[in-house]
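Trainee: Quick one: the structure is below, and I'll ask about it shortly.
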Amino acid sequence: MGFFNRLFKIRPQGPDSLESAWASEDNASELVLDEEYASTLMTEIDIDTAITAHEALRGRLKRMLDGAPDPALQPDTLCRAEHCFLGRWLHGDGRDALGRFPAFDMLVARHRYFHVQAAAVLAHLRAGELDKAQRTLQGSYRQSSTQVVVLLKELKRGMGR
């Protein structure tokens, strides 16, 4: 049983609610998607692509720490989580599909914090504060990145993929 599955608990619903896509005979403490619904959800978001993109950002920031410029990265846009591939899904179709689960809000919050930390690394770099940039990259940025990736992998596992 995955970490994300333990967090995805069904919010109370009336017996006549049509909002549920979950099998009523299954354990209500688990995220249980029927096969068709999981397939539909997987066509809306490629979790592996989202993970790869988030992991690639660390490489870009590290190269910048090593002196390679990357003018495409700007702190004022990097801090906005809804602008990346995953963020657009989390604030759109993902919220529609999974927003009823408490753990979904946790993923959104961790993703937002990840972007704030990435922007902080970049802001320190642009200010010439290399030690602060390095500490943030190795500390809060790395931790938040790991949390997002773990939650995404568990989400993928919860969808049976």
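The values are calculated or read from the model by the stated rules, or taken from the named source; none is laboratory data. All figures in this text were calculated on a predicted structure; none of them were measured in a lab. Glycine gets a Cβ as well: all are built from the backbone with ideal geometry, and neighbour counts include every protein chain shown. Keep in mind that these areas ignore ligands, DNA and RNA; they rest on the heavy atoms of the full protein, side chains included. Shrake-Rupley method; radii C 1.70, N 1.55, O 1.52, S 1.80 Å.
Trainee: Tell me, in nm to one decimal, what length is gained between ASP105 and ASP48 on full extension, where the rule is 0.36 nm per residue of separation less the Cα-Cα distance?
Mentor: 18.5 nm
Trainee: Quick one: ranking VAL108, VAL116 by accessible area, 1.4 Å probe, largest first, what do you get?
Mentor: From most exposed to least exposed: VAL116, VAL108.
Trainee: If you don't mind, there's one more thing I want to ask. Using r as the Cβ-Cβ distance of ALA72 and VAL116, and R0 as 22 Å, what FRET efficiency do you calculate, to the nearest 0.05?
Mentor: 0.70
Trainee: For ASP76, ASP70, ASP46, give me the order by solvent-accessible area with a 1.4 Å probe, most accessible first, ignoring ligands, DNA and RNA.
Mentor: ASP76, ASP46, ASP70
Trainee: Any idea what the dipole of the range 70-151 comes to, in debye rounded to 20, about its Cα centre with Lys/Arg Cβ at +1 and Asp/Glu Cβ at -1?
Mentor: About 160 debye.
Trainee: Then there's this: Run the accessible area of the range 55-161 with a 1.4 Å probe and give the carbon-and-sulfur part as a rounded percent. Don't jump to the answer; show the numbers that get you there.
Mentor: Values: 2730 of 5320 Å².
It is 51 percent, rounded to a whole number.
Trainee: What is the spin-label model distance, in nm, from ASP131 to GLU82 if the labels are put 7 Å beyond Cα along the C-beta direction?
Mentor: About 3.9 nm separates the two model spin labels.
Trainee: Let me ask you something else. Work from the charge dipole of the range 62-149 (Cβ charges, +1 for Lys and Arg, -1 for Asp and Glu, about the Cα centre) and give the residue of LEU98, GLN138, PHE114 farthest towards its positive end.
Mentor: GLN138
Trainee: Sticking with this structure for a sec: Using 0.36 nm per residue, how much length does the chain from LYS62 to ARG95 gain when fully extended, once their Cα-Cα distance is taken away?
Mentor: On the way: separation 33, 0.36 × 33 = 11.88 nm, distance 3.17 nm.
Taking LYS62 through ARG95 to full extension adds about 8.7 nm, to one decimal.
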